[in-house]
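Shown next, in structure tokens, is the structure this report addresses.
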């Protein structure tokens, strides 16, 4: 059984020059900021923009709740609990949206790997 490096070398040898250029495009792993920017360039960029705006809004709401929490009278327990709950809920929404962005970036990474495999299979099928 061949090791992963031997298999990669065998695949590289099977490719023609134009295929190598295309493979280099998909082989390089982009940085995190490039993957995030790719989320804003895709077919659902409006959803990414909307999520980003919501993230900023909920972050601002969390900061506002924190400021109001500390500015509340220490004897007003109900008000403090309300502002603390608003702070926690706002940061939870920010965290959920962040997880959604990470999943979206992983989807693009998986699509890039599938394209690499499709290219390799197409070249091997041609002989």
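Read the figures in this text as sums done on the coordinates, not as results from a lab. Since this is a predicted model, take the numbers as computed values, not measurements. When we count neighbours, we look across all protein chains shown, and the Cβ atoms used for this are built from the backbone with ideal geometry, even at glycine.
Peptides 68-80, 86-98 ranked from most to least packed by the mean count of surrounding Cβ atoms within 10 Å: 86-98, 68-80.
Annotation: extensible slack from residue 85 through residue 46 equals 11.0 nm (criterion: 0.36 nm per residue apart, minus Cα-Cα distance).
Legend: translational diffusion of segment 42-127 by Stokes-Einstein, Rh = Kirkwood radius over C-alpha pairs, 37 °C, 0.692 mPa s; D = 205 µm²/s.
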